[in-house]
Amino acid sequence: MPELPEVETIKESLQGMVGLTIDDIKVMKPEYIRSWENRPADYIGQRISAISRRGKFLIFETDTGRYMVAHLGMSGRVYLEPRGKELQKHVHIVFELDNELELWFQDARRFGGLWLVKDPRIMLKDMGIEPLSRNFNSRYLKPLLSNRRVAIKTLLLNQHLIGGIGNIYADEALYEAGIRPDRSAGSLEPGEVHRLVQAIKQVLRSGIDQRGTTLRDFQDGYKQKGEFQDYLKVYGRQDLPCPRCQQPVVRQVINGRSSHFCPSCQK
Ligand SMILES: [Zn+2]
């Protein structure tokens, strides 16, 4: 599933769209549009003025203040193709742009969607803090953890608390911080909370530097794969040696999510 670094990578790759005009919108699957505050036709003739990201959401803004907010779900893709190219399977929405390119929204499993809204701040008002922001620090995280019995891994995935972390980067951050994913959140010592904050920022930044993790589907707006999969230390590496101590990495299901950790390096 695309997480913060993957959505950030797509966002960066699409910056060339800023300033282009939407000539037409084709909707193959109306149910892929999750909010109809604006109609697709409202965007025709509009110029794209900004492309941003919040958590795992990609946000397109037009110069008249209309927004299209995309979530890629499990396997969604957003990418550019030459205008008039034969549509591939599972392409649900197409924006025709005035530079002879089209932006395709493709989603085989359809857990994603597109919201046509007037104000994304209202739609995303319950989204947690951006983990790469300055305000995300131990002073912020410590009170979120205190007295919580939920597993720290589960808490990190809660988008209402922190926006953008999913299974891959949660496992990698907990490994870097030396904390077992099944520890209760409230049991973390102040030093561990500090290490976890640093580790979250570090793995997310590395993920962005490597242009995301491509295990199956992920690609950027020009169909380029990411490379962070080559740098994963525990995620998806069950039974392979821990890079630090050579003990086999363990996979364990925690609250329904598969989790990977080193039982020797993580306490
Ligand atoms: Zn280890």
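If the condition is being within 9 Å of the ligand (Cβ to nearest atom), farther than 30 Å from E12 by Cβ, outside any strand (DSSP E or B) and not polar (S, T, N, Q), then segment 225-266 contributes C242, R244, C245, V249, C262, P263, C265. The set of residues from segment 41-85 being of a type in the set (D, E, K, R) and either closer than 18 Å to E31 by Cα or more than 13 Å from the chain's Cα centre (by Cα) (or both) comprises D42, R47, E61, D63, R66, R77, E81, R83, K85.
With the condition kept exactly as written, say whether any residue in segment 197-220 is within 15 Å of the ligand (Cβ to nearest atom) and buried (at least 19 other Cβ atoms within 10 Å of the Cβ).
Taking segment 197-220 and keeping what is within 15 Å of the ligand (Cβ to nearest atom), we get 199.
Pick out the ones that are also buried (at least 19 other Cβ atoms within 10 Å of the Cβ) and you get 199.
There is at least one residue in segment 197-220 that is within 15 Å of the ligand (Cβ to nearest atom) and buried (at least 19 other Cβ atoms within 10 Å of the Cβ).
Residue by residue through segment 158-180, note down the ones that are surrounded by fewer than 20 Cβ atoms within 10 Å (Cβ to Cβ) and hydrophobic (A, V, I, L, M, F, W, C). Hit for segment 158-180 is L161, nothing else. For beta carbons closer than 8 Å, sequence separation of 6+ or different chains, a first residue in segment 106-133 that is over 22 Å from V27 (Cα atoms) and among the charged types (D, E, K, R) and a second that is modelled with pLDDT of 95 or more and surrounded by fewer than 13 Cβ atoms within 10 Å (Cβ to Cβ), the qualifying pairs are D126/H160. Contact annotation: residue pairs with Cβ atoms under 7 Å, 6 or more positions apart or on different chains, pairing a residue in segment 243-267 that is of a type in the set (G, A, S) with a partner that is assigned to a loop (DSSP other than H, G, I, E, B) and more than 8 Å from the ligand (Cβ to nearest atom), are S259/P181.
Could you look through segment 147-184, keep only residues that are of a type in the set (S, T, N, Q) and modelled with pLDDT of 95 or more, and pick out the one that is nearest to C265 (Cα to Cα)? So that I can check it myself, show each step before the final result.
Taking segment 147-184 first, the residues of a type in the set (S, T, N, Q) are 147, 154, 158-159, 167, 184.
Narrowing further to those that are modelled with pLDDT of 95 or more: 154, 158-159, 167, 184.
Working: T154: 20, N158: 25, Q159: 27, N167: 19, S184: 17 Å.
Selected residue: S184.
In this structure, does R34 turn out to be touching a Lys or Arg at 6+ places or on another chain (Cβ under 8 Å), at pLDDT 95 or above, closer than 28 Å to I162 by Cβ and surrounded by 14 or more Cβ atoms within 10 Å (Cβ to Cβ)? Let's see the steps before the verdict.
On the way: touching a Lys or Arg at 6+ places or on another chain (Cβ under 8 Å): no; at pLDDT 95 or above: yes; closer than 28 Å to I162 by Cβ: yes; surrounded by 14 or more Cβ atoms within 10 Å (Cβ to Cβ): yes.
When the stated conditions are applied, R34 does not pass them.
Are any of the residues in segment 243-259 of a type in the set (G, A, S) and exposed (fewer than 14 other Cβ atoms within 10 Å of the Cβ)?
Filtering segment 243-259 for residues of a type in the set (G, A, S) gives 256, 258-259.
Imposing the further condition that a residue be exposed (fewer than 14 other Cβ atoms within 10 Å of the Cβ) reduces the set to 256, 258.
Yes, some residue in segment 243-259 is of a type in the set (G, A, S) and exposed (fewer than 14 other Cβ atoms within 10 Å of the Cβ).
Going by what's in this entry, would E102 be described as surrounded by 15 or more Cβ atoms within 10 Å (Cβ to Cβ), under 18 Å from G164 (Cβ atoms) and of a type outside the set (K, R)?
Numbers: surrounded by 15 or more Cβ atoms within 10 Å (Cβ to Cβ): yes; under 18 Å from G164 (Cβ atoms): no; of a type outside the set (K, R): yes.
It is false that E102 is surrounded by 15 or more Cβ atoms within 10 Å (Cβ to Cβ), under 18 Å from G164 (Cβ atoms) and of a type outside the set (K, R).
Residues of segment 208-224 that are touching a helix residue (DSSP H, G or I) at 6+ places or on another chain (Cβ under 8 Å) and part of a loop (DSSP other than H, G, I, E, B): Q210, R211, G212, T213, T214, L215, F218, D220, G221, Y222, Q224. Counting residues in segment 187-207 that are touching a Leu at 6+ places or on another chain (Cβ under 7 Å), closer than 19 Å to R148 by Cα, part of a loop (DSSP other than H, G, I, E, B) and outside the structural domain of G73 (by TED's automatic domain parsing) gives one or more. Selection of segment 221-242 for residues being crowded, with 19+ Cβ neighbours inside 10 Å and small (G, A, S) yields G221, G226.
The values are calculated or read from the model by the stated rules, or taken from the named source; none is laboratory data. Bear in mind that the values here come from a model prediction, so they are computed numbers and not experimental data. Glycine gets a Cβ as well: all are built from the backbone with ideal geometry, and neighbour counts include every protein chain shown.
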